[in-house]
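To keep things clear, I will list the structure first and then write my remarks on it.
Values quoted throughout were computed directly from the atomic coordinates according to the rules given, and no laboratory measurement underlies them. Bear in mind that the values here come from a model prediction, so they are computed numbers and not experimental data.
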């Protein structure tokens, strides 16, 4: 590939170097030169030889997730750079307080959760959906089965009270959320939040008493139900 329009080549190089700097790829040392792309053959890698306006022979090539494609028809000297490929190095993008977003993402609802996802699986080899999460210790993006998403806590437990029993510790030991997300029932009748009961950590404490007609007590055999979602 030979051209005198070095300005276009310079712009393309600048864009590639920008991506490399942002993604924290190799920033020092030499990069091994790839084999020259042969005009008229299709390849997604290799090096492109160019000649600047001073006659200096130079080479352009890609690595780490940037793909190049050489034409085999029409203008066979055209080589195109495009996003998409295989990462060969650990890659980080530091947004440094700026917005990094993706537009045009499909909105889904009531889709089937994946049960056959595997580490390193390619698209088209599994079914259903997984959830992308971030490992805060390393910054790595990973995926999680919906069935393993224990960040959302919900539960229902019931207890058979002894006479005068007021404290009920949930066996799963979750951290109970706000009153608006915790419901307590005595023999099927809903108790008033922060009046008939209080919550602290994983324990619900009943507050019997009050004045007629709202006076009540806990009797042996009462069924106390606790429901919560967080």
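Here are the numbers for the structure shown:
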read-out	value
Angle between the chain longest axis and helix 6-22 axis [Cα atoms, degrees, rounded to 10]	30
Residue with peak Gaussian network fluctuation, the chain [Cα springs, cutoff 10 Å], from 70, 211, 158	211
Gaussian network model of the chain, springs between alpha carbon atoms under 10 Å - residue of 72, 32, 91 with greatest fluctuation	32
Relative contact order, percent, region 107-230 [alpha-carbon distance under 8 Å, six or more residues apart]	28
Top of 130, 162, 62 by mean-square fluctuation, Gaussian network on the chain, Cα under 10 Å	162
Of all DSSP beta bridges in the chain, antiparallel share, percent nearest 5	90
Whole-number D in µm² s⁻¹ for the chain, Kirkwood Cα-pair radius fed into Stokes-Einstein, 25 °C, 0.890 mPa s	101
Descending semi-axes in Å of region 102-149, equivalent ellipsoid built from Cα gyration tensor	18, 15, 12
Distance histogram for region 154-229 (every C-alpha pair counted, 5 angstrom bins, percent rounded to whole numbers)	4, 16, 31, 27, 15, 6, 2, 0
Rg(Cα) / (2.2 N^0.38 Å) computed for region 148-196, rounded to two decimals	1.28
Hull-based mean projected area of region 33-88, where the convex hull spans the alpha carbons, in square nanometres	4.2
